[in-house]
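Asks: Starting off with a structure, shown below.
The values are calculated or read from the model by the stated rules, or taken from the named source; none is laboratory data. All of these numbers come straight from a predicted model, not from anything done at the bench. Every residue, glycine among them, receives a Cβ derived from its backbone with ideal geometry; neighbour counts consider all protein chains shown. Keep in mind that these areas ignore ligands, DNA and RNA; they rest on the heavy atoms of the full protein, side chains included. Shrake-Rupley method; radii C 1.70, N 1.55, O 1.52, S 1.80 Å.
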Amino acid sequence: GAAAMAAVRDVEIDPEGTFKYILVRLQRPGSQEPRDIVRGTKAAEFHNHIFEKVNPEMEKLGYECKCLGGGKMDHNSKDKKIRVFGLSTGYGKADHSVTVEILKKAYPDYEITWSDDKK
């Protein structure tokens, strides 16, 4: 229900550095309202490593997960900036503009930008 939905944070990313990220769509079977979440970490060598961690967690809560694509992030917590760029070889490029909107809710005092640059 709503409690499980609330327990899932929109954004979970590393506090610092450059790392891979994915945009994941959560859908509850029979529910109309999908929800998109952002996950990124330096611990992931490949984008699918992030998905392989998120997917079982979300399935336990009753969600079906679909990876909408990926990219990279450069998170500078000192200057309060996040830059979203790049793409995932396996999943394709996430819609970075969607990612940025989600990030802005989680980091309202940040300057958040995106581009299709590879680096």
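Asks: Taking the Cβ of LYS78 as the center, what net charge do the other residues with Cβ under 15 Å away carry, scoring Lys and Arg +1 and Asp and Glu -1?
Replies: -3
Asks: What is the set of long-range amide H partners of SER77 at a cut-off below 5 Å, with H atoms built 1.01 Å from backbone N?
Replies: When sequence neighbours closer than 5 places are left aside, the close amide H contacts are GLY17.
Asks: Separate question: Quick one: accessible surface of ARG25, probe radius 1.4 Å, all protein chains present, in square angstrom to the nearest 10.
Replies: Looks like 80 Å² after rounding.
Asks: Sticking with this structure for a sec: Separation between the LYS104 and VAL8 pseudo-spin-labels, each 7 Å from Cα along Cα→Cβ, expressed in nm?
Replies: So the label points at LYS104 and VAL8 sit 2.3 nm apart.
Asks: LYS66: which lysines have alpha carbons under 28 Å from its alpha carbon, excluding same-chain residues fewer than 8 sequence positions away?
Replies: LYS20, LYS42, LYS53, LYS81, LYS93, LYS104, LYS105, LYS118, LYS119
Asks: Using a 1.4 Å probe on the protein heavy atoms, what percent of the accessible area of the stretch 11-115 belongs to carbon and sulfur?
Replies: Percent of accessible area from carbon and sulfur atoms in the stretch 11-115: 50.
Asks: Could you report the chain's accessible area per residue, 1.4 Å probe, as an integer in Å²?
Replies: Values: 6720 Å² over 119 residues.
Here the per-residue accessible area is 56 Å².
Asks: Hey, what's the Kirkwood Rh for the chain if you take every pair of different alpha carbons, in angstrom? Each step should come with its number before you reach the end.
Replies: Numbers: mean 1/r = 0.0697 Å⁻¹.
One decimal place: 14.3 Å for the Kirkwood radius.
Asks: Using unit Cβ charges (K, R positive; D, E negative) and no other charged atoms, how large, in debye to the nearest 20, is the dipole of the chain about its Cα centre?
Replies: Values: 20 positive and 19 negative charges, 19 e Å.
Computed about the Cα centre, the dipole is about 100 debye.
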